[in-house]
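Throughout, read-outs are computed from the coordinates displayed, never taken from laboratory work. It should be emphasised that the depicted structure is a prediction, and the values quoted were computed from it without experimental measurement. Cβ: placed from backbone, ideal geometry, glycine included. Neighbour counts: every protein chain shown.
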Amino acid sequence: MNVHMKKYEIIEHTADVGIRAYGKDPNEIIAHMAEGMFSLITDLSRVKVDTKQEIRVKGMDYDDLVFAFLSELLFLHDTYGLVFSKFDVKIERAGNNELILSASVHGTKIGNNAKKLLIKGVTYHMLEIKPEEGFGTVIFDV
């Protein structure tokens, strides 16, 4: 596994934008993907952590989990004006071989934080999680 000092980097992709996130395991990689996504939306250094949300999504593989988790975070952002900067992610395998991602996410309302970029959605294009190599990639529709 590659050891990286940075949590994520921005990937330019034609008319879209993406994140390549790094971590020691799928939990950390996915948490860094979420942090990277919100770094595109707002300046994370200005996010005052004063709210917490619990999120639980299911999927058959890591790609499904990432898509469902980041889509849920975007829903909370679009619907309630929330931005998040801290992500505690835990993935478990259910009895039917399905994966369950449970996360505590911490952030605030966007009112105090300037928006940088409007992300319309998460895509499956180039979506991959490679825990054995210590990274994952996700592209966003902007």
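Its alpha carbons give the chain an Rg and a Dmax of 14.2, 43 Å. Since only 136, 29, 118 are under comparison, the one whose Cα sits farthest along the positive direction of the charge dipole of segment 8-141, derived from C-beta charges on Lys, Arg, Asp and Glu, is 118. Computed across segment 33-75, the Kirkwood hydrodynamic radius from all distinct Cα-Cα pairs reaches 11.7 Å.
With the charge dipole of the chain set up from +1 on Lys and Arg Cβ and -1 on Asp and Glu Cβ about the Cα centre, the Cα lying farthest toward the positive end among the listed residues 68, 40, 97 is that of 40. In a reduced charge model with +1 at each Lys and Arg Cβ and -1 at each Asp and Glu Cβ, the chain shows a dipole moment near 600 debye about its Cα centre.
Around the amide H of residue 86, modelled in the peptide plane, lie the amide H atoms of 106, all under 5 Å away and 5 or more residues distant in sequence or on another chain.
Counting only lysines at least 8 places from residue 115 when in the same chain, those with an alpha carbon closer than 24 Å to its own are 6, 7, 48, 52, 86. Multiplying the residue separation of residue 118 and residue 14 by 0.36 nm and removing their Cα-Cα distance gives an extension gain of 35.9 nm. Mean-square fluctuations from a GNM of the chain, with a 10 angstrom spring cutoff on Cα atoms, peak among 22, 124, 62 at 124. The length gained on full extension between residue 63 and residue 106, counted as 0.36 nm times the residue separation minus their Cα-Cα distance, comes to 13.2 nm.
Note on residue 97 and residue 24: their simple-model spin labels are 3.0 nm apart, each label 7 Å out from Cα toward Cβ. Relative to the dominant Cα principal axis of the chain, helix 62-80 is inclined by about 20°. Using only alpha carbons, segment 1-65 has a radius of gyration to Kirkwood radius ratio (Rg to Rh) of 0.99.
Defining a contact as two alpha carbons under 8 Å apart and six or more residues distant in sequence, what relative contact order in percent does the chain show?
That works out to 33 percent.
Taking the longest Cα principal axis of the chain as reference, the axis of helix 26-41 is set at about 20 degrees. Taking 0.36 nm per residue of separation and subtracting the Cα-Cα distance, full extension of the segment from residue 49 to residue 88 would add 12.7 nm.
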